[in-house]
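A.B. asks: Sending over a structure as structure tokens; questions will come in a sec.
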Amino acid sequence: MECPSKRLKSRSSKKAWEDPAFKQQLLADPKAAVQDAFGVALPQEIQVTTVEETASHYYLVIPPNPEDLGSGESNVEVVW
């Protein structure tokens, strides 16, 4: 089963490819874009930065180490 956060990221990318206005909103205000397009309100404590790769410029994102997150459960997986 796919993680909910990966599903939302995938849906956002697909919509950005198909809808130039959504892509611009996603680049300018990603949380509002996700809320408007998918009805998902990301918590205030979650920060989202959108960047666009090109054919010659890639981004490598290193997620947080699960061991550094401590024993508390995070809502991030559920919403993003």
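Each value in this text was obtained by applying a stated rule to the coordinates, not by laboratory testing. Just so you know, these numbers come straight off a predicted model, no measurement behind them. In this analysis, Cβ positions are derived from the backbone assuming ideal geometry, glycine residues included, and neighbour counts consider all displayed protein chains.
A.B. asks: Hey, does the range 52-67 have a residue that's free of Cβ contacts under 8 Å to residues at least 24 places away in the same chain, surrounded by 10 or more Cβ atoms within 10 Å (Cβ to Cβ) and out of contact with any Gly (no Cβ under 8 Å at 6 or more places or on another chain)?
C.D. replies: no
A.B. asks: Follow-up. So, of the residues in the range 1-43 that are closer than 18 Å to Glu53 by Cα and of a type in the set (Gly, Ala, Ser), which turns out to be surrounded by the most Cβ atoms within 10 Å (Cβ to Cβ)?
C.D. replies: Ser12
Every residue, every condition in (1) in a helix (DSSP H, G or I); (2) touching a Lys or Arg at 6+ places or on another chain (Cβ under 7 Å), yes or no:
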{"site": "Lys15", "(1), (2)": "yes, no"}
{"site": "Leu27", "(1), (2)": "yes, no"}
{"site": "Lys31", "(1), (2)": "yes, no"}
{"site": "Asp36", "(1), (2)": "yes, no"}
{"site": "Leu42", "(1), (2)": "no, yes"}
{"site": "Glu45", "(1), (2)": "no, no"}
{"site": "Thr50", "(1), (2)": "no, no"}
{"site": "Glu53", "(1), (2)": "no, no"}
